[in-house]
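Here the structure comes first, spelled out in structure tokens, and everything after it is commentary.
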Amino acid sequence: MIRKSLFTVIAISLFSIAASAEDISGRWKGSVDTPDGSFEVYFTFAVEDGKITGTFDSGMSLESIKDGKFKEDNDKVFTFNAYVDVAQQNIDFSCTIKEDGKIRVTVVGYDMFFDISRIKEE
């Protein structure tokens, strides 16, 4: 009986983790490699009614995330736009939630990508 209860609790826990995989709300951190060196980037995402908002911090400026949304047929892929001060233009981002829980961020039109990891709040 105890074994069956323990199995049920574990199964429910695993299902809950899988079901919330698209919950990207919170702070994320990554490192971007460029020919001029590496720099850290921070994202803060909030999801409400399928809309993604938040901020993008390149260390040089804090930018608002605009037009964020999950792909219609895939809740593991989302896109957004942000004005990037250092580039002095709006840049589109396409992101994929990976199996390991990280997010692969692709900078559309720049042949650049990097992974970000959730920052654990203490």
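The values are calculated or read from the model by the stated rules, or taken from the named source; none is laboratory data. All figures in this text were calculated on a predicted structure; none of them were measured in a lab. Every residue, glycine as well, gets a Cβ built from its backbone with ideal geometry; the counts of neighbours run over all protein chains shown. Accessible surface areas use protein heavy atoms only, side chains included; no ligands, DNA or RNA. Shrake-Rupley method; radii C 1.70, N 1.55, O 1.52, S 1.80 Å.
For the range 101-112, what are the residues that are modelled with pLDDT of 95 or more and open to solvent by 50 Å² or more (accessible area, probe 1.4 Å)?
Selection gives 102, 104, 106, 108.
Check residue 83 against each of (1) buried (at least 17 other Cβ atoms within 10 Å of the Cβ); (2) touching a strand residue (DSSP E or B) at 6+ places or on another chain (Cβ under 7 Å); (3) in a strand (DSSP E or B) and name the one condition it does not meet.
(1)
If I ask for residues that are open to solvent by 40 Å² or more (accessible area, probe 1.4 Å) and either within 14 Å of residue 86 (Cα to Cα) or of a type in the set (Val, Ile, Thr) (or both), which ones from the range 45-54 would you list?
47, 53
Name the residues in the range 113-122 that are closer than 23 Å to residue 37 by Cβ and either assigned to a strand (DSSP E or B) or open to solvent by less than 40 Å² (accessible area, probe 1.4 Å) (or both), would you?
113, 114, 115, 116, 117
Go through (1) surrounded by 15 or more Cβ atoms within 10 Å (Cβ to Cβ); (2) farther than 17 Å from residue 106 by Cβ; (3) more than 14 Å from the chain's Cα centre (by Cα) one by one and return the number of the condition residue 42 breaks.
Residue 42 satisfies all of (1) surrounded by 15 or more Cβ atoms within 10 Å (Cβ to Cβ); (2) farther than 17 Å from residue 106 by Cβ; (3) more than 14 Å from the chain's Cα centre (by Cα) except (3).
Read through the list (1) assigned to a loop (DSSP other than H, G, I, E, B); (2) of a type in the set (Gly, Ala, Ser); (3) open to solvent by less than 40 Å² (accessible area, probe 1.4 Å), then give the number of the only condition that residue 68 fails.
Going through the list (1) assigned to a loop (DSSP other than H, G, I, E, B); (2) of a type in the set (Gly, Ala, Ser); (3) open to solvent by less than 40 Å² (accessible area, probe 1.4 Å), residue 68 breaks only (1).
Does residue 90 count as modelled with pLDDT of 90 or more, open to solvent by 30 Å² or more (accessible area, probe 1.4 Å) and not hydroxyl-bearing (Ser, Thr, Tyr)?
Here the answer is yes, as residue 90 does meet what is asked.
Among the candidates 57, 75, 36, which residue alone is under 12 Å from residue 24 (Cβ atoms), over 11 Å from the mean Cα position of the chain (by Cα) and either polar (S, T, N, Q) or open to solvent by 20 Å² or more (accessible area, probe 1.4 Å) (or both)?
Selected residue: 75, the only one of 57, 75, 36 that is under 12 Å from residue 24 (Cβ atoms), over 11 Å from the mean Cα position of the chain (by Cα) and either polar (S, T, N, Q) or open to solvent by 20 Å² or more (accessible area, probe 1.4 Å) (or both).
Please state which of the following conditions residue 23 fails to meet, knowing it meets all the rest: (1) modelled with pLDDT of 85 or more; (2) over 16 Å from the mean Cα position of the chain (by Cα); (3) not in a strand (DSSP E or B).
Only one criterion in (1) modelled with pLDDT of 85 or more; (2) over 16 Å from the mean Cα position of the chain (by Cα); (3) not in a strand (DSSP E or B) is unmet by residue 23, namely (2).
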